[in-house]
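Scroll down for the structure; my scribbles are underneath it.
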Amino acid sequence: MGDLLPYGRQSVVEDDVAAVAAVLRGDWLTTGPAVTRFEADLAEWTGGVPTVAVTSGTAALHVAYAAAGIGPGDEVVCSPMTFVATAATAMQRGASVVFADVAPDTANLAVDAVRAAVTPRTKVVAAVDYAGHPAPLDELSALAHDAGALLLEDAAHSIGGSWHGRPIGSLADLTTFSFFPTKNLTTAEGGAVAAADPALLARAREFRNHGLVRDPERHRFPDEGGWHQEVHELGLNYRLPDVLCALGSSQLRRLSWFVSRRAELHARYTAGLSDVDGLATPVRLPGAEPAWHLYPLRVLAGRRRELYEHLRANGIGVQVNYIPVYWHPVFADLGYRRGLCPNAELFYGQELSLPLFPDLAESDVDRVVDLVRAFLR
Ligand SMILES: Cc1ncc(COP(=O)(O)O)c(C=O)c1O
């Protein structure tokens with residue numbers, strides 16, 4: 001499989017290498033000036049909403065749920081068309097997850113399904129910008145707030161995108177990012193939380209660092225001395241080190257290009273495939289400026305598995321994103337049943353992610369398009 005064309009890949013250049021090497025030669029390896037700089041650089045992409053850098057997209061979700069104060073007895077309404085972490089981290093907090101179905105075209109949370117799923121115990125609505133296309137964030141935000149809940153946006157796919165002219169990161173109460181190598185920018189492993197509300201932001205910062213409270217004004221034992229810091233609520237160590245934050249800041253300088261290059265390649269796939277019977281190409285809703293992380297082709301007439309195998313046999317590293325979260329055995333063991341979200345299940349049965357990353361060549365896109373067309377002819 002040495003020659004498999006991957007479905008996603010990082011784009012790292014000599015400037016990135018130099019930025020990391022410079023930190024390695026300095027005094028700070030972990031929490032130093034590169035963290036502060038990366039958080040400020042990220043905020044330029046979130047419309048000025050402050051951010052907290054953490055060790056992964058999963059950590060970002062866990063931190064966001066902790067900042068929202070969820071725990072046992074609380075419900076989180078969640079999209080099933082996502083990586084398991086969006087739901088799992090809420091459950092790690094002891095909350096119950098209620099899955100609401102998605103829209104059949106975008107695979108993003110359907111507003112009506114969320115409305116039906118909300119109860120007086122709902123504390124967070126967790127939307128996912130599937131493939132980089134923004135969820136219906138205004139409606140979801142209004143719905144969540146009417147129910148006394150917060151909107152969390154898992155933007156692992158969508159940093160650099162916007163919704164009705166407003167950047168991703170400025171639309172939900174809590175937005176989470178992932179910087180895994182296949183994502184829109186990378187820090188190797190890494191993630192971040194964005195929150196405009198200073199109280200949510202402060203809780204996120206504390207949870208990232210064991211829950212340690214440094215501000216003497218808030219100490220319950222103010223007489224301890226200058227060394228003193230204390231824990232009021234438990235946290236974890238989710239600190240993203242300076243070494244990786246330097247890579248992140250360097251990558252952010254190319255994020256505009258990453259987003260536009262992905263959009264170009266995405267458009268090339270659509271131009272090559274939209275007239276083929278038996279396929280549905282991704283839709284883009286009015287007002288959405290997606291940061292296309294995936295190219296989610298839909299293969300109709302039950303032929304997805306066959307096409308998957310055909311492309312893999314021809315060296316194309318296609319993937320399927322995602323099995324509905326509640327199909328994982330751990331959820332089945334808790335009593336979640338198939339049939340819960342029919343649109344998500346249908347989408348899963350048809351979806352095939354074609355290779356998409358900034359350094360992908362036009363000739364690679366054309367090769368994939370030719371293979372798909374020949375297969376369906
Ligand atoms: C939608 C979504 N949420 C969360 C995550 C978790 O991010 P990470 O792999 O950085 O922990 C991912 C990445 O796999 C993802 O695609």
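The values are calculated or read from the model by the stated rules, or taken from the named source; none is laboratory data. The shown structure was predicted, so the numbers you read here are calculated from the model rather than taken from an experiment. As a convention, Cβ positions derive from the backbone with ideal geometry for all residues, glycine included, and neighbour counts pool all protein chains shown.
A few comments on the model shown:
- The listed residue being touching a residue at least 60 places away in the same chain (Cβ under 8 Å), in a helix (DSSP H, G or I), crowded, with 20+ Cβ neighbours inside 10 Å and touching a Lys or Arg at 6+ places or on another chain (Cβ under 8 Å), out of 35, 52: 35
- Residue match in the stretch 60-67 (condition: crowded, with 24+ Cβ neighbours inside 10 Å and of a type in the set (Ser, Thr, Tyr)): yes
- Where helices (runs of 4 or more DSSP H) fall wholly inside the stretch 60-153, the ranges with 1 or more residues that are away from the ligand (no atom under 16 Å from the Cβ) are 111-117, 137-146.
- Being more than 15 Å from residue 46 (Cβ to Cβ) and surrounded by fewer than 22 Cβ atoms within 10 Å (Cβ to Cβ) holds for only one residue in 197, 223, 242, and it is 223.
- Residue under evaluation residue 341, criteria (1) touching a residue at least 12 places away in the same chain (Cβ under 8 Å); (2) more than 24 Å from the chain's Cα centre (by Cα), criterion not met: (2)
- Number of positions in the stretch 190-208 that are over 9 Å from residue 51 (Cα atoms) and part of a strand (DSSP E or B): 1
- Flag if residue 356 is over 30 Å from residue 13 (Cα atoms) and at pLDDT 95 or above: no
- For the stretch 154-192, a tally of residues being near the ligand (Cβ under 9 Å from one of its atoms), more than 12 Å from residue 46 (Cβ to Cβ) and surrounded by 23 or more Cβ atoms within 10 Å (Cβ to Cβ) returns 8.
- Close pairs (8 angstrom Cβ cut-off, 6 or more residues apart or separate chains): touching a residue at least 12 places away in the same chain (Cβ under 8 Å) in the stretch 169-184, more than 14 Å from the ligand (Cβ to nearest atom) and of a type in the set (Asp, Glu) anywhere: 171/138; 173/197
- Qualifying residue in the stretch 202-210 (condition: touching a residue at least 24 places away in the same chain (Cβ under 8 Å), of a type in the set (S, T, N, Q) and away from the ligand (no atom under 16 Å from the Cβ)): yes
- Subset of the stretch 154-168 (residues that are part of a loop (DSSP other than H, G, I, E, B), under 13 Å from residue 61 (Cβ atoms) and either of a type in the set (Lys, Arg) or touching a residue at least 40 places away in the same chain (Cβ under 8 Å) (or both)): 156
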